[in-house]
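The structure appears right after this line, and notes come after that.
The values are calculated or read from the model by the stated rules, or taken from the named source; none is laboratory data. Predicted model only: the values in this text are computed from it and were never measured. Heads up, the Cβs are rebuilt from the backbone with ideal geometry, glycines too, and the neighbour counts pull from every protein chain shown. Accessible surface is based on the protein model in full, side chains and every heavy atom, while ligands, DNA and RNA are left aside. Shrake-Rupley method; radii C 1.70, N 1.55, O 1.52, S 1.80 Å.
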Amino acid sequence: MPTAFITGATAGIGAAFARRLASDGFDLVLLARNGERLDASARDLSDRYGVRAETVVADLATDAGIETAEKRVRDGVDLLVNNAGFGNKGTFLDVPVNAETTMLKVHCEAVLRLTHAALPGMLERGRGGIVNVSSVAAFATRGTYGASKAWVVSFSRGVAHDIAAKGRPNVRVMALCPGFVRTEFHERAGMDVQGIPEFMWLPQDKVVDTALRDLRRGVDISVPGAQYKAIVALSRVVPQGLAGRLSSRAGRRYD
């Protein structure tokens, strides 16, 4: 069976990837910080879908955690989903600088290092895929969070083009850029999202379906949902000053 490695695997989009890939027959390697919750998720997926579900307890905000993840990825995976991430409560000057640098470590350094660990084996086998979970915030003015997600998009595109130049069409790297998805993310970040219209929310399973379809098609940036495709397209033509003022306020009320 093929093996998928998923970070941030116990909740939200990561858990949705785990369910879908298990139903597709993938063995799983699930990474998260909470070992008890991780074990419960692995048992449930294994019992429900009859796949092997291995667990890796690690904190990607630390060098030790990233090194643990790198070691397992180098042992061989067919699909890597770099999903782990979080938001900080407040705008830039409201957030301690160590919380901002921790975000960069999880969103950027961990993504870079795990991608670097996975690709040699995939290129040698001539197949494999990497999904780096970004956000539509990558195309907006959203402080450190948006900047880190913009880095994920640029990095993923660059690596995808490097691999294409090597003539490896069956090894694919893609940035996934969802909009609002009902997960634990907003609650953990203390964000008040009651004012977000219902039509702006994406089901977790739809995000995963779109991501896997686009990965198979060789798309390097996947934006689930027609509403978000339109927003990303508009962000490229609306004057930057206006776009910045609008995007910096949208969905950024804090409890």
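Quick one, what does Rg over Rh come out to for the chain if you take C-alpha atoms and the Kirkwood Rh? Mind dumping the intermediate values first?
Working: Rg = 17.5 Å, Rh = 18.5 Å.
Reported Rg/Rh (Cα atoms, Kirkwood Rh): 0.95.
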* Nonlocal amide H pairs with residue 53, under 5 Å, H built at 1.01 Å -> 28
* Most fluctuating residue of 217, 127, 142 in a GNM of the chain with Cα springs under 10 Å: which is it? -> 217
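Counting only helical runs of four or more DSSP H residues, what would the 222 nm mean residue ellipticity of the chain come to if each run contributes -39,500 (n - 2.57) and the total is spread over all its residues?
Numbers: 10 runs with 124 residues, N = 255.
Mean residue ellipticity at 222 nm (helix-derived): -15000 deg cm²/dmol.
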* Asked: Highest GNM mean-square fluctuation, the chain, Cα pairs closer than 10 Å: which of 221, 163, 130?
  -> 163
* To do: Using +1 at the Cβ of each Lys and Arg and -1 at the Cβ of each Asp and Glu in the chain, identify which of 174, 144, 231 lies farthest towards the dipole's positive end.
  => 231
* Structure fact -> Place a point 7 Å from the Cα of residue 100 in the direction of its beta carbon; the residues of region 121-150 whose amide N falls under 19 Å from it are 137-150
* **Burial ranking of peptide ranges 21-28, 7-14 (average Cβ count within 10 Å, highest at the top)** => 7-14, 21-28
* In what sequence, largest accessible area first, do 86, 17, 199 appear using a 1.4 Å probe? -> 199, 86, 17
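Size of the dipole of the chain about the Cα centre, Lys and Arg at +1 and Asp and Glu at -1 on the beta carbon, nothing else charged, in debye to 20?
On the way: 33 positive and 27 negative charges, 165 e Å.
Computed charge dipole of the chain: roughly 800 debye.
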* To do: Using only Cα atoms, find the angle between the long axis of helix 110-125 and the longest principal axis of the chain, and express it within 0 to 90 degrees, rounded to the nearest 10.
  => 40 degrees
* Counting only the heavy atoms of the protein chains, how much of residue 49 is accessible to a 1.4 Å probe, in Å² to the nearest 10? -> 80 Å²
* If you rank 151, 201 by how much accessible surface each has, with a 1.4 Å probe, what is the order from largest down? -> 151, 201
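Suppose the chain between residue 54 and residue 154 were pulled fully straight at 0.36 nm per residue; how much longer would it get relative to their current alpha carbon spacing? Intermediate values should be presented prior to the final figure.
Details: separation 100, 0.36 × 100 = 36.00 nm, distance 3.09 nm.
Additional length available on full extension: 32.9 nm.
What ranking of 71, 206 comes out by heavy-atom accessible area, probe 1.4 Å, highest first? Don't jump to the answer; show the numbers that get you there.
Working: 71 140, 206 90 Å².
Sorted by accessible area, descending: 71, 206.
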* Nearest-10 value in Å² for the accessible area of residue 174, using the 1.4 Å probe -> 0 Å²
* **Helix 143-165 vs. the chain, principal-axis angle (Cα, 0 to 90°, nearest 10)** => 40 degrees
